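The values are calculated or read from the model by the stated rules, or taken from the named source; none is laboratory data. What you see is a predicted model, and the numbers here were worked out from it, not measured in a lab. Virtual Cβ from ideal backbone geometry, glycine too; neighbours counted across all protein chains shown. Just so you know, the surface numbers come from the protein's heavy atoms only, side chains and all, with ligands and any DNA or RNA stripped out. Shrake-Rupley method; radii C 1.70, N 1.55, O 1.52, S 1.80 Å.
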Amino acid sequence: MARAIYFDHDGALDDLLSLTLLTRYRGVSLKGVTVTPADCLIEPAVSVTRKILDLAGAQHVPVAAGTLAGPNPFPLEWRVDALRADALPVLNQRAENTARLSPLPAHLQLAEWLSTAPEPVTLLMIGPLTNLAWCLREHPEVESKIAELVFMGGAIDVAGNVDRPGHDGSAEWNVYWDPAAARRVFESEIPITLFPLDATDQVPITPEFARSFGRHYGSPLSDLAGSLLAMTFGCFETTGFSYCCWDSLTTSYLAEPDLCEFEDVRCVVLTEGVSQGRTVRADSGRLVKCAKKVDAQRFYRHCLDVLAESTGTPAFSTQ
Ligand code: AGV
Ligand code: CA
């Protein structure tokens, strides 16, 4: 039986690549998607999410738009990426968007999905934890419906990626956007599998990886993936940080759980001061299963295999 998944993302390019991968995983039954208005503008992020579901033949999966905001906004330069992705030709082959849009805001919809789930489910969250924290605060009984939380966030033994005045740089953005939400979730008993920067730093989007999708030009999902990856170029030149496969590595865990080696780590989330959003080792902290070492070449191969096998013959062949 396929594993039931609820998926919360926040509309960045890597989130959209993750959604694309997720639609191809045979062992996964995607039940619903919520979008957090964090690393995106919410309207184009919801629109592009529904277009990807349409393209992948997953129109039946409902999408709910987030309305809850964290205290530390993402840079607007990053948040506009969803606007660009929403305009890609491969996602606009038809005039209509047929994937279902929930009438509820994401936090209410997630609470309803969890409380009515017949069996405990897996939650995949690759943006801030705001919607889940709201559910736990307002409906603590839903905690028992979550078999596992797979979360991209944090930085344990490596530097963070927040570069903001008044911050010491020790935090990762998904935790920093809403530190109190991450703390609330870490204070629960939900089993957490964490993909912090320790692991995701090992899978930067290289030119070779992005260009490898060119060899499958004409196959819609690999064309989409290659376009999303191409749009990340220039990140290092403008920010000094590489754009990594943060979320897509995390997502790949649902199909290939042994791409990474894990360590059990006890940690807490700091919510105040110059290190707010930092995930720090502490003997008194909660236990997380933490990804530490990645077989990067196998991960890149996985993405290409999953997306290239998906549809049709290439329009142009070099052989
Ligand atoms: O910190 C990584 C998280 C991931 O969930 N996001 C991007 C991924 O979706 C925030 C982020 C950090 N650096 C970024 C980010 C950058 N240079 N551009 C866009 N988003
Ligand atoms: Ca994200």
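Per-residue answers, yes or no, for (1) more than 16 Å from ligand 2 (Cβ to nearest atom); (2) out of contact with any Phe, Trp or Tyr (no Cβ under 9 Å at 6 or more places or on another chain); (3) not hydrophobic (A, V, I, L, M, F, W, C):
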residue: Gln202; (1), (2), (3): yes, no, yes
residue: Ile205; (1), (2), (3): no, no, no
residue: Arg211; (1), (2), (3): yes, yes, yes
residue: Tyr217; (1), (2), (3): yes, no, yes
residue: Leu229; (1), (2), (3): no, no, no
residue: Phe236; (1), (2), (3): yes, no, no
residue: Cys245; (1), (2), (3): no, no, no
residue: Tyr253; (1), (2), (3): no, no, yes
residue: Glu256; (1), (2), (3): yes, no, yes
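Picking from residues in segment 48-103 that are polar (S, T, N, Q), more than 14 Å from ligand 1 (Cβ to nearest atom) and within 24 Å of Trp134 (Cα to Cα), the one that is most open to solvent (accessible area, probe 1.4 Å) is Thr67. Taking first residues from segment 214-240 that are at positive phi and partners that are among the hydrophobic types (A, V, I, L, M, F, W, C), the Cβ contacts under 6 Å between residues at least 6 apart in sequence or on separate chains come to Gly218/Ala315.
Taking the criterion of being more than 18 Å from Leu110 (Cα to Cα) and either in a loop (DSSP other than H, G, I, E, B) or in contact (Cβ under 8 Å) with a residue 24 or more places away in the chain (or both), the residues of segment 42-64 that qualify are Pro44, Ser47, Val48, Lys51, Ile52, Leu53, Asp54, Leu55, Ala56, Gly57, Ala58, Gln59. Those residues that are surrounded by 15 or more Cβ atoms within 10 Å (Cβ to Cβ) and of a type in the set (Lys, Arg), I need them from segment 135-163; list them, please. Of everything in segment 135-163, just one residue is surrounded by 15 or more Cβ atoms within 10 Å (Cβ to Cβ) and of a type in the set (Lys, Arg), namely Lys145. Ser18 passes every criterion in (1) within 16 Å of ligand 2 (Cβ to nearest atom); (2) open to solvent by 10 Å² or more (accessible area, probe 1.4 Å); (3) under 23 Å from Ser219 (Cβ atoms) apart from (2).
Taking the conditions exactly as written (charged (D, E, K, R) and assigned to a loop (DSSP other than H, G, I, E, B)), does Glu237 satisfy them or not? Judged against the criteria, Glu237 is not a match. Looking only at residues in segment 240-271 that are within 16 Å of ligand 1 (Cβ to nearest atom) and part of a loop (DSSP other than H, G, I, E, B), the one that is surrounded by the fewest Cβ atoms within 10 Å (Cβ to Cβ) is Gly240. Listed by first and then second residue, the pairs linking a residue in segment 173-189 that is without any contact (Cβ under 8 Å) to a residue 12 or more places away in the chain to a residue that is within 16 Å of ligand 2 (Cβ to nearest atom), with Cβ atoms under 6 Å apart and 6 or more places separating them unless they lie on different chains, form an empty list.
Residues in segment 160-199 that are within 16 Å of ligand 2 (Cβ to nearest atom) and assigned to a loop (DSSP other than H, G, I, E, B): Gly160, Asn161, Val162, Ala171, Glu172, Asp178, Pro196.
Restricting attention to segment 199-224, the residues that are open to solvent by less than 50 Å² (accessible area, probe 1.4 Å) and under 27 Å from Cys290 (Cβ atoms) add up to 7.
Do you know which of the residues in segment 1-15 that are more than 13 Å from ligand 2 (Cβ to nearest atom) and not aliphatic (A, V, I, L, M) is farthest from Glu256 (Cα to Cα)? Once the filter is applied, the top-ranked residue is Tyr6. Could you count how many residues in segment 283-306 are touching a Lys or Arg at 6+ places or on another chain (Cβ under 6 Å) and open to solvent by less than 30 Å² (accessible area, probe 1.4 Å)? Number of matching residues: 2. Of all the numbered requirements in (1) β-branched (Val, Ile, Thr); (2) assigned to a loop (DSSP other than H, G, I, E, B); (3) away from ligand 2 (no atom under 16 Å from the Cβ); (4) touching a Phe, Trp or Tyr at 6+ places or on another chain (Cβ under 9 Å), Val288 misses one, and that requirement is (2).
Screening Arg24, Arg3 for residues that are at pLDDT 95 or above and over 11 Å from the mean Cα position of the chain (by Cα) leaves exactly one candidate, Arg24.
Of the numbered criteria (1) within 13 Å of ligand 2 (Cβ to nearest atom); (2) assigned to a strand (DSSP E or B), the one Lys31 fails is (1).
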